[in-house]
Amino acid sequence: MDTLFAEGLRKRYGDLDALDGFDLHVPAGVIHGLLGPNGAGKTTAVKALTTLIDLDAGTARVAGFDVRGQARQVRASIGLVGQNPAVDEILGGRQNLVMFGRLYGLGKAAAQARADELLDLFELTGAAERAVSTYSGGMRRRLDIAAGLVLTPAVLFLDEPTTGLDPRARNEVWTSIRETAARGTTVLLTTQYLDEADQLASEISVMNHGRVIAEGSPEALKRRIGGDRVTVTLRGPLDEAARALGGVTDEETRSVTVEVTEGLAAIVRTLDALDAGIEDLQLRRPTLDEVFLTLTEKEPVT
Amino acid sequence: MTTLRAGWIITQRDLAHWVRQPWGPIFGLMFSIMLLLVFGFLFGGAINVPGGGDYIAYLLPGMMALSMLFGVESTATAMGNDARKGITDRFRAMPIGSASVALGRVGADMTNSTVELLVMLVGGLAVGWRITGDATAAALAVLLLLLLRFSMLWIGIFIGLRFRGEGATSAVQVLVWPIGFLSTAIVSAETMPGWLGAIAAWNPLSATATAARELFGNPTGVTGGVLADHAVLLAVAWPVLLTAIFAPLSARAYRRLRA
């Protein structure tokens with residue numbers, strides 16, 4: 001049985017279909033990426049699955065519980081880390097975790113023990129008593145994620161957890177997410193960053209206009225938009241080469257990028273015939289960026 | 001997890017705020033004391049109390065009522081901040097009763113206002129204000145003041161949840177002043193032009209201020225009209241009516257977060 005199951009979710013805000021037939025199937029224990037541009041409906045999907053909003057249509061189950069009829073059981077099975085760190089800034093990190101632990105039903109002593117455990121896990125022990133307002137962005141995010149893990153939930157929802165973080169903080173958060181999944185929690189991660197999904201997720205759902213438009217492993221998605229790419233750096237005429245190959249030029253690096261359809265040899269022969277002067281040649285798989293742009297461009301913009 | 005227990009835990013969170021950042025509540029208290037001194041001694045000499053009596057004795061219960069009204073602002077601010085920052089959403093995604101969040105607010109703000117009231121009582125006694133009624137009546141006066149604060153709580157929760165943004169808080173901060181002054185809290189309605197006096201007399205704040213004056217045994221500044229006969233009744237009826245309107249509206253605003 002899927003840990004996260006959603007079929008035909010619909011949610012309308014005025015004229016906007018924030019969710020327009022959203023489907024999702026996530027097995028237990030994986031990191032699943034929900035990837036899409038701003039306004040694709042990622043946050044609405046998370047809010048629907050975490051029982052924060054009412055759906056207009058569709059069925060969703062989280063950890064086996066229906067989000068409509070069994071909201072309380074769903075809430076007892078999840079951790080939610082929203083787009084902005086939702087921790088109390090005046091209180092200390094430890095005070096925050098103890099409060100959330102007690103709200104999840106732990107006794108005082110158990111909540112304190114769990115808080116210390118989490119502080120240790122997220123390397124916040126040194127800052128445990130300090131007010132959260134003095135924390136760096138990365139520390140705040142880590143505390144936020146820790147607060148979502150007080151219960152050791154079956155599912156952790158992370159809504160754009162690294163937006164606005166510097167690269168170092170981002171790495172810290174990535175490590176925390178990987179470790180969380182390694183301990184057996186299913187993670188649904190929304191992101192606008194392709195490399196984030198590529199780095200963390202074993203499966204990705206690409207979302208646009210309120211529904212999933214493609215699904216698969218990062219590798220499968222890359223395969224889906226065709227073959228490998230080759231980038232050749234040339235001494236000779238760029239535009240002519242690009243026209244002959246049907247590729248894209250980059251003036252700055254004096255290179256042409258083209259999809260490999262009939263083998264590398266054919267490309268080299270064409271360039272030789274033009275006397276293009278090959279300086280460098282790099283073969284690579286398409287990036288998720290390219291996958292994403294290809295997929296979202298195909299979508300009719302309404 | 002009972003709703004009450006969760007509410008108490010959320011109350012404790014706010015009490016911990018005051019321990020961490022005591023300056024907010026302390027400045028709030030100093031502000032009340034400053035107003036008391038400004039009106040009591042700076043303006044007070046020029047203010048006559050209709051029906052006679054000492055102005056400080058008249059002013060003190062009015063100031064207490066005024067500070068209960070001003071509480072609407074801190075409630076709305078706290079509620080709006082939590083909703084905007086996603087803390088309310090985090091609470092909503094937890095297995096706790098849906099009334100817990102509001103209950104936590106009620107617990108924290110009523111505690112705050114009780115302390116504030118006690119400080120004003122002591123401060124008032126220090127500047128020469130006296131309770132001349134009996135102890136039961138004085139206790140009833142305190143309860144009526146807290147009842148007014150309770151009704152303000154629901155208005156604050158409603159505004160905080162419904163309008164979330166900082167703009168709403170600013171609007172409340174500005175609006176409490178005309179509402180506060182257009183009452184008998186500081187000057188008697190009988191010194192105002194007739195139409196204005198009528199509005200002031202019907203201000204819920206005036207009912208509480210006048211009832212508290214009666215019960216503390218202070219001059220009421222009221223020589224006739226509805227406040228002269230029914231101040232205590234009105235001081236019960238107004239907050240009950242406001243609560244009956246705004247508690248359901250708050251519950252609705254909380255549910256509409258799901259829309």
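The values are calculated or read from the model by the stated rules, or taken from the named source; none is laboratory data. Everything numeric here is computed off the predicted structure, so don't read it as measured data. Cβ placement follows ideal geometry from the backbone for every residue including glycine, while neighbour counts extend to all protein chains displayed.
For first residues located in region B:33-53 and closer than 17 Å to B:Gly124 by Cβ, partners that are among the small types (Gly, Ala, Ser) and modelled with pLDDT of 80 or more and lie 6+ apart or on another chain with Cβ distances below 8 Å form the pairs B:Ile33/B:Gly123; B:Leu36/B:Gly123; B:Leu36/B:Gly124; B:Val49/B:Ser188; B:Val49/B:Gly221; B:Gly53/B:Gly221. Evaluated against (1) farther than 19 Å from A:Met207 by Cβ; (2) part of a strand (DSSP E or B), A:Arg102 falls short on exactly one condition, (2). Here A:Leu189, A:Leu283, A:Leu293, A:Leu234 are screened, and the one residue that is within 30 Å of A:Ile177 (Cα to Cα) and in contact with a helix residue (DSSP H, G or I) (Cβ under 9 Å, 6 or more places away or on another chain) is A:Leu189. Among the residues of region A:49-60, is there at least one that is charged (D, E, K, R), surrounded by fewer than 17 Cβ atoms within 10 Å (Cβ to Cβ), outside any loop (DSSP other than H, G, I, E, B) and touching a strand residue (DSSP E or B) at 6+ places or on another chain (Cβ under 8 Å)? No: zero hits. When we screen A:Arg68, A:Arg12 for residues that are surrounded by fewer than 18 Cβ atoms within 10 Å (Cβ to Cβ), touching a residue at least 12 places away in the same chain (Cβ under 8 Å), under 23 Å from B:Arg84 (Cα atoms) and out of contact with any Ser or Thr (no Cβ under 7 Å at 6 or more places or on another chain), the only hit is A:Arg12.
Can you say whether A:Thr43 is more than 10 Å from chain B (Cβ to nearest Cβ), under 30 Å from B:Arg256 (Cα atoms) and either among the β-branched types (Val, Ile, Thr) or assigned to a helix (DSSP H, G or I) (or both), as far as the supplied structure shows? Answer is yes for this residue. A:Phe157 falls short on exactly one of the conditions (1) aromatic (Phe, Trp, Tyr); (2) more than 14 Å from every other protein chain (Cβ to nearest Cβ); (3) touching a helix residue (DSSP H, G or I) at 6+ places or on another chain (Cβ under 8 Å), and that condition is (2). Look at (1) facing chain B (nearest Cβ under 7 Å); (2) assigned to a loop (DSSP other than H, G, I, E, B); (3) over 20 Å from the mean Cα position of the chain (by Cα) and you find that A:Arg68 fails only one, number (1). Based on this model, can you work out whether A:Gln73 counts as within 12 Å of another protein chain (Cβ to nearest Cβ) and surrounded by fewer than 20 Cβ atoms within 10 Å (Cβ to Cβ)? Spelling it out, A:Gln73 is indeed within 12 Å of another protein chain (Cβ to nearest Cβ) and surrounded by fewer than 20 Cβ atoms within 10 Å (Cβ to Cβ). For region A:113-147, which positions are touching a Lys or Arg at 6+ places or on another chain (Cβ under 8 Å) and either more than 12 Å from chain B (Cβ to nearest Cβ) or part of a helix (DSSP H, G or I) (or both)? Residues satisfying the conditions are A:Ala115, A:Asp116, A:Leu119, A:Phe122, A:Glu123, A:Leu124, A:Ala128, A:Val132, A:Gly138, A:Ala147. Regarding A:Asp195, is this residue acidic (Asp, Glu) and without any contact (Cβ under 8 Å) to a residue 12 or more places away in the chain? Spelling it out, it is not the case that A:Asp195 is acidic (Asp, Glu) and without any contact (Cβ under 8 Å) to a residue 12 or more places away in the chain.
Residues that are more than 9 Å from chain B (Cβ to nearest Cβ) and either surrounded by 24 or more Cβ atoms within 10 Å (Cβ to Cβ) or part of a strand (DSSP E or B) (or both): does region A:76-86 have at least one? Looking through region A:76-86, none of the residues is more than 9 Å from chain B (Cβ to nearest Cβ) and either surrounded by 24 or more Cβ atoms within 10 Å (Cβ to Cβ) or part of a strand (DSSP E or B) (or both). Taking residues in region A:262-278 that are β-branched (Val, Ile, Thr), and partners anywhere that are assigned to a helix (DSSP H, G or I) and surrounded by 12 or more Cβ atoms within 10 Å (Cβ to Cβ), the pairs with Cβ atoms closer than 9 Å and at least 6 places apart or on different chains are A:Ile267/A:Leu245; A:Thr270/A:Ala241; A:Thr270/A:Ala244; A:Thr270/A:Leu245; A:Ile278/A:Val268; A:Ile278/A:Leu271.
Here is the figure for region A:87-109: residues that are within 7 Å of chain B (Cβ to nearest Cβ) and charged (D, E, K, R) total 2.
In the set (1) at pLDDT below 80; (2) of a type outside the set (Val, Ile, Thr); (3) surrounded by fewer than 13 Cβ atoms within 10 Å (Cβ to Cβ); (4) part of a helix (DSSP H, G or I), A:Glu262 fails one condition alone, (4).
Here region B:191-205 is the region considered, the condition is being of a type outside the set (Gly, Ala, Ser), more than 15 Å from B:Leu59 (Cα to Cα) and not in a loop (DSSP other than H, G, I, E, B), and the residue that is modelled with the highest pLDDT is B:Pro204.
May I ask you to say which residue of B:Ala235, B:Ala247, B:Ala228, B:Ala209 is more than 21 Å from B:Ser67 (Cβ to Cβ), among the small types (Gly, Ala, Ser), in a helix (DSSP H, G or I) and in contact (Cβ under 8 Å) with a residue 60 or more places away in the chain?
None of the other options fit; the residue is B:Ala247.
Answer yes or no: is there a residue in region B:120-143 that is in contact (Cβ under 8 Å) with a residue 40 or more places away in the chain, closer than 21 Å to B:Ala6 by Cα and surrounded by fewer than 17 Cβ atoms within 10 Å (Cβ to Cβ). No, the conditions are met nowhere in region B:120-143. Looking only at residues of region B:73-98 that are facing chain A (nearest Cβ under 8 Å) and in a helix (DSSP H, G or I), we find that the one that is nearest to B:Gly165 (Cα to Cα) is B:Lys85.
Collect the residues in region A:279-288 that are touching an Asp or Glu at 6+ places or on another chain (Cβ under 9 Å) and free of Cβ contacts under 8 Å to residues at least 60 places away in the same chain, keeping them in residue-number order.
Narrowing region A:279-288 to residues touching an Asp or Glu at 6+ places or on another chain (Cβ under 9 Å): A:283-288.
Matches in region A:279-288: A:Leu283, A:Arg284.
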